[in-house]
Each structure stands twice: as C-alpha cells, then as structure tokens.
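Report on the structure given below.
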Amino acid sequence: MNKHLPLVFAFFFVTAMPNNANATPPSNSCPAAKEVDRHLRLVVEKRGQELASLSAMAINNGQVVYQAQFGSRRIDAKDPSKSLPANEHTLYRIASISKMVTAIGAMVLVEQGKLDLDRDASDYLGFTLRNPHFPKRVITTRMLLTHQSSLRDDAGYSFPFGQTLQSFLVPGAAHYGQGTQWSPKSPGLYFSYVNLNFGVIAAIMEKAGGERFDHLMHKLVLQPLKIRGAFNVDSLPAEDIQQLATLYRKQSNEVWNASGPWNAQVDDVQGKKPAPREELRRYELGSNPTLFSPQGGLRISVGGLGRLMQMFIGKGSLDGVQLLQPSSVAALLHEHWRYDEDAKNGDTEQGLFQAWSLGLQHFIGKAGKQHGDYLGALNGVPFTGFGHLGFAYGLESGFVFDPDTGNGVIYAHGGSAADPETHRGEHSSLSIWEEGILAALLNCLRPAP
C-alpha cells in the first residue's frame, strides 16, 4: 500500500466561497483550504455539470483538517431565495456506503458472540439458503459480505411488505420466478457486486440480534458513536428531517437536460416528518429487511461518516468508546478477493472493483485507460486505501482512508446536471466531477511524520 496519498492538483480560482460558515472548526487546519474551497466551488458550479449540493471532508493523521459545504440541500425552483443551503448537519441518503456501515454492525454482533461469519447462513435465516446450481455448497455471511455468495440482482433486491426473502430465494416458492437471482458461478469462488447480499445480511442480523434492522443499527453503531442518522426516515427526529438533503437529477423521462430544472428523486419531504409506515407494526424479524434498504438507505452526514473514519483509524476506538476491538477492524480490512486477469475470478464493473475486503472495497491503485480504481493526480501517484463508494438517485459519494497514515477523504453530492455515465473521469471509473472533488481534497493531506 502506498504510504502517502497524493498532494497535487492544478487549481482554477473563482471568487465565491463555500457555505461553511457554520461548520465545526477543524481540529487542525488545511494549509491549502482556500484553494480547495475555490476548486470545489468550481466543480459544483461548472456550467453544464452543476451539482445540486456538495459536502466534503479531509482527515489528516486521524484529525479533521477540512470540512465545507456547497449548494442547496433543498432547491425551491419557484423562489431560489427559499432554497436551503447544505451545511455540516445535512443528511444524505448515502447510497452504497450504507453497506460498509452494515458490515460494521455485523462485526459488533460477531464480537458479542451472536454471529459467526463462517456458519451456514441458513442456521440464522430459518430456511435453507442454497444456490440451486450448487445445492451442497454452504453459503456464509462472510461470502455475502465479500460479494462471493453467487446471488445476483437480476430479479431485484428490494421488495414490498408482504413479500419475504424466503419466498424469493427458495426454488418453487411464491416469488422465486425464473431463478435469475442465482448465478451459475459457485458460491465462494467468484466476485460479483450485488445489492441483494445486504438484504440477506440484514435478515441474518435481525435473527442474530433479536431486533429490527433499523433499530439494531442505531443501537450497535450510530448511538454509541453519537452519530445522527437512520436507516429509516420515519425514525428521524424533526430537527434531522429539516436537515435532510433532497436528491436531484436534471433528468426527466430518461432524458438529461443540463439547462433544465432540477427534478427531485428521493427525500423530497419539504421538511415534514413522514408518517410512520403502519405495516412495520406487523413486521416479523428476518422476513424482509429490504424495507430498510440496508444496501443503500442510510441517512447520514459527511460529519457522521467522518466519525466512522476516525473510528477505523483509531482501531475501533473513538472518544473513549471502543466500538470494535483492533482485531475486528483488522478483520474488516483484510482482503478477501483480488481480481486475477488470468483466472477471470470476478466482474470488475469496467475496472472499478479490483479488490474487496469484508464489506469494504480495497482501492489498490489499479490503472486503466479509462477505467479502474486509480485516481492519480498529475504526477501519476496512485490513490490507495479502504472504504466504499455510493451512487443512487443522483447522489454520488465516497469514503476512502489509508489506515497506515490516518489520512482520508469523504464526500457526498446531492445530484448532477449531467449524466455521470457519459462524463467519466480521465483516470478512473468515477465521474469527472468526482475526480475533481477527490483531487482537490487530497491537497489537504500531508504525509504523516
């Protein structure tokens, strides 16, 4: 692993400043803060590629050295003066970074002796979980966390109340369909990034932990670390509902129009607390926790993610709270899969996925002509570390840290004016604006002494 994150980028200057007047002052300062502010503002406001909002953070040697917000968490198209700015409390539906947080919760259950990652998942679920192509091959929670379960998203991964995971996963059951949720690849031998894995993990956690997934994650992870947020919008207090970012795209009927209006995609609650879902009163543990979107539905601020990063850097400890033992943090970061070009042992999603740990991606600095997890700056230094990316409903997010240096970066934006699929970066599979955000933030990181 590269010991030091790259510290270079060519900046373009503009005069506007970020919406960070109310941000918690960093415990250490970023020498390049003004330049980073200016460049991030340029990224957010680039004509034809505008971002609805952006929250960003850099951590150096375990300490927050930069935090800023830009744009609007809620846009009023009729009266822009009524739009609400993003701030340090803004909560985003953080997309697939939620998977990493779910993995942390699973590891807490392991420490409590309630969950064994290598035990047959069927023992927790209460029904037999088997790929019908490999009926004798046991599927474990570890396989699910490392995306080697042989499940697929082809038939869906989020289900309405009344449909159960059992009825979807067991051949011949009511919602099994054509069986495209199962791969012809053997469990444990092939990597394929799959959202459905985390619905199954959440069911296992409910059965092992004895509580509904959203409540369990609050108890196991968010509450001990004093992080505001939830996997269920219904449970957010009124003050957090006010801080919820609506996610947007300048897209309508599958057509992108960068000069058109921002179209709300999710969490457009207008500051009003949603009514509780009455069906959840009848919810049975382990039946269908996809209702809480364990794969992508966590609402959390970039500051809250910063506390999780500091916990990782602190080997499981933060502010006197030992959430995980150092051995458990090491287990989460231990690499379980790496792409082998000769063996073709996984689907890299156009080069984006090169290595995977226990619920976290391992960014190994693998370069490609237009694809890969490589994010070098102008001198070609690879960007390496652990964490997760997120993409859903217009939002793109990133959480990457180097446990050796204690350095890391976090960002979340609330939607783009242009299609990220047609605006890929020069060095990676990320969008061009994500590359710009990351390259700017890296200038706040100094090599550890």
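Does Glu254 satisfy the condition of being closer than 30 Å to Lys78 by Cβ, at pLDDT below 95, open to solvent by 10 Å² or more (accessible area, probe 1.4 Å) and not small (Gly, Ala, Ser)?
Yes, satisfied.
Please enumerate the residues belonging to segment 67-87 that are closer than 14 Å to Gly414 by Cα, in a loop (DSSP other than H, G, I, E, B) and either at pLDDT below 95 or open to solvent by 10 Å² or more (accessible area, probe 1.4 Å) (or both).
Scanning segment 67-87 gives Ile75, Ser83, Asn87.
Could you tell me whether Val64 is of a type outside the set (Lys, Arg) and assigned to a strand (DSSP E or B)?
Yes.
Given (1) surrounded by 24 or more Cβ atoms within 10 Å (Cβ to Cβ); (2) part of a strand (DSSP E or B), identify the lone condition not met by Ala439.
Condition not satisfied by Ala439: (2).
Of the residues in segment 329-374, how many are over 18 Å from Leu189 (Cβ atoms), part of a loop (DSSP other than H, G, I, E, B) and in contact with a helix residue (DSSP H, G or I) (Cβ under 7 Å, 6 or more places away or on another chain)?
2
List pairs: first in segment 267-287 and open to solvent by 90 Å² or more (accessible area, probe 1.4 Å) and at pLDDT 95 or above, second assigned to a loop (DSSP other than H, G, I, E, B) and of a type outside the set (Ser, Thr, Tyr), Cβ under 6 Å, 6+ apart or cross-chain?
none
Tyr193 is checked against (1) closer than 22 Å to Phe391 by Cβ; (2) open to solvent by less than 30 Å² (accessible area, probe 1.4 Å) and fails just one. What number does that condition carry?
So Tyr193 meets the others, but not (2).
Looking only at segment 409-428, filter to residues that are at pLDDT below 95 and buried (at least 22 other Cβ atoms within 10 Å of the Cβ); which one of those is nearest to Ser301 (Cα to Cα)?
Looking at the filtered set, the residue picked out is Ser428.
List the pairs whose first member sits in segment 222-241 and is more than 16 Å from His89 (Cα to Cα), whose second member is of a type in the set (A, V, I, L, M, F, W, C) and open to solvent by 10 Å² or more (accessible area, probe 1.4 Å), and whose Cβ atoms are under 6 Å apart, counting only residues at least 6 apart or on separate chains?
As it stands, the answer is Pro224/Val321; Pro224/Leu323, since those pairs meet every condition given.
Here's the yes/no breakdown for (1) open to solvent by 30 Å² or more (accessible area, probe 1.4 Å); (2) assigned to a strand (DSSP E or B); (3) at pLDDT 50 or above:
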{"residue": "Pro18", "(1), (2), (3)": "no, no, no"}
{"residue": "Arg38", "(1), (2), (3)": "yes, no, yes"}
{"residue": "Arg47", "(1), (2), (3)": "yes, no, yes"}
{"residue": "Ala56", "(1), (2), (3)": "no, yes, yes"}
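Select from segment 379-392 the residues that are assigned to a loop (DSSP other than H, G, I, E, B) and surrounded by fewer than 19 Cβ atoms within 10 Å (Cβ to Cβ) and list them in ascending order.
Passing the criteria: Asn379, Gly380, Val381.
Go through (1) crowded, with 21+ Cβ neighbours inside 10 Å; (2) closer than 21 Å to Met100 by Cα; (3) not hydroxyl-bearing (Ser, Thr, Tyr) for Gln243 and report which single condition fails.
(2)
Name the residues in segment 284-322 that are under 24 Å from Gln243 (Cβ atoms) and aliphatic (A, V, I, L, M), would you?
Passing the criteria: Leu291, Leu298, Ile300, Val302, Leu305, Leu308, Met309, Met311, Leu318, Val321.
Please determine, by comparing only the residues of segment 117-154 that are charged (D, E, K, R) and touching a residue at least 12 places away in the same chain (Cβ under 8 Å), which one is surrounded by the fewest Cβ atoms within 10 Å (Cβ to Cβ).
Asp118
Pull out all pairs, ordered by first then second residue, where Cβ-Cβ is under 8 Å, the residues are six or more apart or on different chains, the first lies in segment 308-330 and is free of Cβ contacts under 8 Å to residues at least 12 places away in the same chain, and the second is buried (at least 18 other Cβ atoms within 10 Å of the Cβ) and small (Gly, Ala, Ser).
Partner pairs satisfying both residue conditions: Gln322/Gly316; Pro326/Gly316.
Scan segment 324-364 for residues that are out of contact with any Gly (no Cβ under 6 Å at 6 or more places or on another chain), over 29 Å from Leu222 (Cα atoms) and either open to solvent by less than 20 Å² (accessible area, probe 1.4 Å) or of a type in the set (S, T, N, Q) (or both) and jot them down.
Asn345, Gly346, Thr348, Gln350, Gln354
With the requirement that a residue be outside any helix (DSSP H, G or I) and either open to solvent by 30 Å² or more (accessible area, probe 1.4 Å) or at pLDDT below 95 (or both), what does segment 88-116 give you?
Result: His89, Gln112, Gly113, Lys114, Asp116.
The values are calculated or read from the model by the stated rules, or taken from the named source; none is laboratory data. Since we're looking at a predicted model, the values are computed, not measured. As a convention, Cβ positions derive from the backbone with ideal geometry for all residues, glycine included, and neighbour counts pool all protein chains shown. Keep in mind that these areas ignore ligands, DNA and RNA; they rest on the heavy atoms of the full protein, side chains included. Shrake-Rupley method; radii C 1.70, N 1.55, O 1.52, S 1.80 Å.
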